[in-house]
Amino acid sequence: MGQTPDWVKQLKPSGPQGHELLAAERSKSTLPVAKLSELIHTKEVLERRARILEILKSEQVFDKSQNYFKGRIERFEAALARAKKLRSLRVKHGWNLQEYRTASDLISEPGPYGLHDSMFLVTIGEQGTPEQRDFFLKRAENYEIIGCYAQTELGHGSNVRGLETTATWSPQDKGFIIHSPHLTASKWWIGSLGKTANHAIVMAQLIIAGKSYGPHPFVVQIRDLKTHEALDNVHVGDIGPKFGYNTMDNGFLLFNNVKVPYISMLARFSHVDPSSNQYVRRGSPSLVYGTLTWVRSTIVMQAGSVLARGVTIATRYSAIRRQFQDRDAPESEKGENPVLNYTMVQIRLLPLLAATFALHFTGTRMMQMYQQNQEKMSIGDANKDSKRGPGPEETSIGSDILADLHATSCGLKSLSSTIAAEGLEVCRRACGGHGYSSFSGIGPWYADYLPTTTWEGDNYMLTQQVARYLLKSARSVLSSQPPTNDTTRILHNYHSRADIGCAFDILSSDSDIVDAFAWRISFLTFEASKHRDEQKKPWNDLLVDFYRLSKAHSQYMVVKNFHEALQSHDTISQVDSETLEVLKKLYRLYALHTLEQEGSEFYASGAVTVKQISLARTNAVMKLLKDIRPHAVRLVDSWAFDDWVLDSSLGREDGKVYEDMFYRASELNPLNQITVNPYPESAVLFKKDEREERRSKL
Amino acid sequence: MTDFTDSLKPRHDGTATLQAERGRSSVDVDELARHLLSRDGFLQRQKKVLAVLSRVKLFKKDQQMNLSRPDRYHLALARAKALQRIVRKHGWDHDDYKMCEYLVDEMSPFHLHMTMFVTTVREQGSEAQKRHWMPKILDYDIIGCYAQTELGHGSNVRGLETTATWDPAQKEFEIHSPYLTASKWWNGAMGRTATHAIVVAQLLLPRSDNDKAYDNYGPQTFIVQIRDKKTHQPLHGIVVGDIGPKYGYAGMDNGYMLFDHFRVPKSAMLSRYAEVSDATGAFTRLGHPAVVYGSLTFVRGQIIMHARLVLARAVTVVVRYSAIRRQFRDRDSTSEQDDEMKVLDYPTVQIRILPLLATTFALHYTGEMMYSLYHKSRETIEKGDFGPLAELHSASSGLKSLCTMLAADGIETCRRAMGGHGFGGGSGLVGINADYLSKPTVEGDNWMITQQVAAYLIKKMTEAVKDPSAPASDPTASLFQFYLANRDHRIPQSPVQGSATDDQAIVDVFQWRAADLSYRAYHARVVEKKPWTRLMIQLHNLSRAYSEQILVTNFCNSFSSSSSTLSAPTPAVLRTCFRLYALTTLDASASSFTLTNAVAPHAVPVLQDAILDLMAELRPHAVKLVDAWSIPDWLLDSALGRSDGRVYEDLFDRAHRRNPLNGVTFNVDWRSEEIVLGSGDGGRGILAKL
């Protein structure tokens, strides 16, 4: 394809230009975008991001323009080159961990060092003895050892106890033999394992003298440090292309009776005594779940901003995209309507915009809870009840903050990642046909985010843990134990008032909305408790109920946290009263929209009447959409995504949607450097290929 | 490559597991398959075509996910050409060719040529135009595409910016793109392949009193040569190219195209229904202008027919894999020795996939209904009677919206129900998901086109209110009359009472809800004169309710006719599917049913137990029901959904033996710029590709 002719270069989009439309949107509202950004991210984070972004933008290796065109191997090669560059930038600029993570977030593609930097280092740090940390961590932090975290297997996902890989204690060698007895024992899906890692933390069933002691972590070398080839009797590789995440080498791994030394087993909480060949537990095994809980909190925290990317793109584009005339518009106002004026588009996008804030505030709160938990743990009561089993559900209520945190993190991880993943797809579809183009920036982002809904515990499976926790709490209330935390408090409240009933004014009181959500979850909990504890229904038959229970509980948590965040001094002191009012409207929109969607449960619990649900739907939600509409663009602006990060034609801050779509298609697209022979009778496919010519000119 | 992994076996034998599943149900798979797929000899054709294609290396699917975008197009073009040669060699007809496309399962660069392009010429060309173009099209002397949507305009044809201005002096049209947003965009096969395009443009004719001023006669279709026959370069005054990568459709060259005062002869305008007079430049309509939308309606009909097979494919994969995949022991189990449970026995898995299995059948019976409705209406249109077009257009757009949404969301639900492996290429649902996701927006955004249904229903309700005793012209009219006669003394129904389910009551509540929502929309718009934009959400819900009513009614009607010939237990199993589809749909929109007085509020809480019971009834037949959809393994291209259950062997084989990334060893030391170990390229290779 030749040069773009002048008559094409001179063309402009018709009608009002994108930048004019966005400027008009921004002038409709006086929300202080910068202030709101600071409320969301803090000044410190915004400053850090801006500083690092400058550095990244100046490196050619991070250029994104060809990402969408490449094949799997090229994608991986580029990702590896980027990971290396990132590491050398960290050394060069002396970045701390936070700065390094910020840089990874800005690049926003999964990278081959990803699992080394996170799960590998964290697990050794948390579960290794001081000697093991000395032995492994130093070299790992220096990238002599590059690691990954090998838990899931071909035949096993969320259920750690079902893993098939074995680590058998060998009394002669005082070491272990790692083995894969079946094909389904193959480690599978392990990030950074396929091509990158030379070590792996392998979760395997510990077997001593024929008896199994459950899954334990082992640090195992899998590749030669020089040749980078797999060691003998280790079989490792990449599992192939996926829905997304194609820049990551998710891998498989099989062992054929591989001997590993004594130091391999991470032994902070349990070990094998080499002299007696006995299994010795020396700490709370619940702590094993600490890492997972931390990961889940992060997921909740991120869900808001993950979704905000999609909402930013769809909102800006909807303010520019025009389609159909308003049927009722007077002749003088002819011309098509920005689709954001359509209630049909608003009802899809604005509740999601509200959800970004709801998830953000909930995530912040979760991280605080995790920190508190860490502090409590370090005070040193971890050994208190070491007789209990390894499952978090075995912990006793009220005495252990971990139970509360773990239950909360499961449910909220499930709810928030589902909201974010499904919300991104709603955003993509709300962009109409152009949403399907990779240049929308939403599709690839969605594809990379999707595994979050299954990893670290499948969203459906996780909900059982919440249900167990709630049932246990219900039992404690029914046996007249005094409330010890928020869950038992609301259950207790419901239990004492169930006969009197309730009346919540959800349409005019913000706190009544929270109470209505609390009422509904309490009702559902006692219903489930009746089914399980009184009627003795099989656990399996109740799983659907449990799923609903967990969802309802997490929705309550989100509504409650969002509401509390808007009452907090922290928030009130940072924004003016008008901004706070808009945030409260977002709160109401999120809460009432959710309530209306789950109407039958609220109605069945007696928390609200059918009339209230009907009014919420036809009046309150519609009114909120109308009130929030003028602020929509400024609200997404306050999430402060740089165009470089969004990498989207549709979501550009300056509204040059069509210019950018056309530029990427005509100038960046390698397919246009090919001329084909289209006629079926000819075997020639590409009669002219100018790709090489272009490349050699670079 | 032999190594210790060759002798490893999965812990549980998948083949035996699936065999056991099949042994538990006495549904006659072959008989049900014939019942579902006999139309136009589908099953025999599938067998015949599969036997040929599966032996041709070019159609092997296992490497395509690794390829870059230009390579995917390269492959797709090679396949498109090869198919033409194969079709000619075997003397196959058009239905055989369509079967090839279905089995190859990739949007072909020739796809638009044989669908929208040829259909438009056939339906909108004059006799002379057809004589000129049809032989060239059928011989592939020219290769066509259909250029309607633009960069700035999707569903709204009337908003298109490309113009075709009549020049009375030269007796030519000048096609022009006045703005960047006038660029044609998304048009399949246009980017690199097509030599000709049907261009939809605003027809501008000079006023008779002032030839400097023009009147707009709305969008018309023009057949335009866009590339040179020899060099295949764009003609002078045209800029055309591929729009770049998409979510799916990697093999298709969706294109953009701009015109710079490009001249075409008068004969370019397809003129069966409209013509510009040579002498006066006056515009003459030769028929009903609504027929321009005829081919759009046809495409929608096909999309609906396709939706059931697409969904059936996803459901096939997830049902088979869930029958093999095990996770966690039953919590009530007392023995450590018990195996982990098959996930298909979990109600949390069932609730996601069994209603979708039921939905495949719901789509089927409505697809059959659409098929005959289209052919019935088609005949009367050919006779010049456009009366039925309104009903057809309305029904097709609402159903298209609902069915594609059910299928697209259904694929994704199935994919996620498979846990981690659903995300992998071996699921076989990655490509289909990405390709099919275009459907909810292609041919009219699902949310936008539902307005047409609502507008139609408001019109019908207005008529019914005006004259409630006029003879009913169609089922919708009689439903509305019934509704108006009974709305004052409606008793909300309870379709499930105790252990009894009343199928007629199910149909009644779906119909009543649709009628009541129609009445509310009528009242809001016609009586209260509320603004249209404010009503859109309500109207969208109305369209959905109306289409769900069609699905439920057709499914139920099938019991009185065709399926009664099936042997036991199949009719009873299909009835369970009907109830499961209807009750899960009802449960999901419960408040809409209670607010419209269709269903009594106290009848809602019992639904959940009824649904659990229905799922338990359906569970033993699940594998055989998906078998009946007869999706060949070759089409499934899924390790998880293999009919022989060798899930883990296949996943491992794909990863270990068929994955090109494993042929490369990388240098992972960050201190070294080298990327591929031993290449010594110092990282330059990758930089050149950025």
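Values in this text are rule-based calculations from the coordinates and carry no lab data. Computed from a predicted structure; not experimentally measured. Note that we place each Cβ from the backbone using ideal geometry, even for glycine, and neighbour counts take in every protein chain shown.
One decimal place: the segment residue B:216-residue B:156 gains 20.0 nm when fully extended, by the rule 0.36 nm per residue minus the C-alpha distance. Can you grab the distance from the C-alpha centre of the range A:54-71 to the C-alpha centre of the range B:9-37, Å, no decimals? That distance is 49 Å.
Ranking of B:330, B:474, A:647 by neighbouring Cβ atoms within 10 Å, starting from the fewest: B:474, B:330, A:647.
In chain B, helices alone account for a calculated mean residue ellipticity at 222 nm of -16000 deg cm²/dmol, with every DSSP H run of four or more residues adding -39,500 (n - 2.57).
Cross-link reach is defined here as a Cα-Cα straight distance under 21 Å, omitting same-chain residues fewer than 8 places apart; for residue A:688 the lysines meeting it are A:70, A:697, B:81, B:229, B:230, B:689.
Neighbours of residue A:524 by Cβ distance under 9 Å: Lys/Arg scored +1, Asp/Glu scored -1, total -1.
For chain B, the membrane-span-like helix rule (DSSP H, alpha carbon extent of at least 18 Å along the helix axis, mean Kyte-Doolittle at least 1.0) picks out B:294-324; this says nothing about an actual membrane. Rounded to the nearest 5, the antiparallel percentage of DSSP beta bridges internal to chain B is 85%. Please give me the summed charge of the neighbours of residue A:254: other residues whose Cβ is under 13 Å from its Cβ, Lys and Arg +1, Asp and Glu -1. The answer is -3. For the range A:656-697, averaging the sequence separation of C-alpha pairs within contact (under 8 Å, six or more residues apart) and dividing by the residue count gives a relative contact order of 29 percent.
Compactness check for the protein assembly as shown: Cα Rg over 2.2 N^0.38 Å is 0.92.
Amide H contacts of residue A:190: A:251, each under 5 Å away and 5 or more positions distant or on a separate chain (H built 1.01 Å from N in the peptide plane; Pro and chain starts excluded). Scanning chain A for trypsin sites (Lys or Arg not before Pro) in DSSP loops with at most 16 neighbouring Cβ atoms within 10 Å leaves A:537-698 as the longest stretch between them. Across peptide B:339-347, the average count of Cβ atoms from other chains found within 10 Å of a residue's Cβ is 3.
Taking every DSSP bridge with both residues inside chain A, close to 90 percent are antiparallel. Listed by chain and number, the lysines whose C-alpha is less than 17 Å from the C-alpha of residue A:9, apart from same-chain residues fewer than 8 away, are A:656, B:184. Annotation for the range A:5-68: GluC sites (Glu not before Pro) lying in DSSP loop with at most 16 further Cβ atoms inside 10 Å of their Cβ are A:59. Counting Cβ atoms of other protein chains within 10 Å of each residue's Cβ and taking the mean over peptide A:228-237 gives 3.
Give the lysines whose C-alpha is closer than 24 Å to that of residue A:585, dropping any in the same chain fewer than 8 places away, or say none. Filter leaves A:28, A:35, A:551, A:560, A:611, A:623, A:626. Considering helices alone, the calculated mean residue ellipticity of chain A at 222 nm is -15500 deg cm²/dmol, with DSSP H runs of length four and up weighted by -39500 (n - 2.57) and normalised per residue. Put simply, the amide H of residue B:199, placed in the peptide plane, has neighbours under 5 Å in B:147, B:222, B:223, B:224, leaving out anything fewer than 5 places away on its chain. Helices in chain A that qualify as membrane-span-like (whole DSSP H runs, Cα extent of at least 20 Å along the helix axis, mean Kyte-Doolittle hydropathy of 0.0 or higher) are A:288-320, A:343-379, A:401-430, A:459-478, A:510-529.
Close amide H contacts of residue A:71 (hydrogens built in the peptide plane, cut-off under 5 Å, sequence separation of 5 or more or a different chain): B:68, B:69. Over chain A, the hull volume per residue, using the convex hull of the C-alpha atoms, is 211 Å³.
For the pairs A:687/B:171; A:43/A:92; A:413/A:530; A:12/B:529; A:174/A:413; A:211/A:242, flag any whose C-alpha to C-alpha distance is greater than 32 Å.
Table pairs above 32 Å Cα-Cα are A:687/B:171; A:12/B:529; A:174/A:413; A:211/A:242.
Remark: spin-label model distance residue A:26-residue A:224 equals 5.9 nm, labels positioned 7 Å along the Cα→Cβ axis.
Which whole number gives the average count of other chain Cβ atoms within 10 Å of the Cβ atoms across peptide A:585-594?
0
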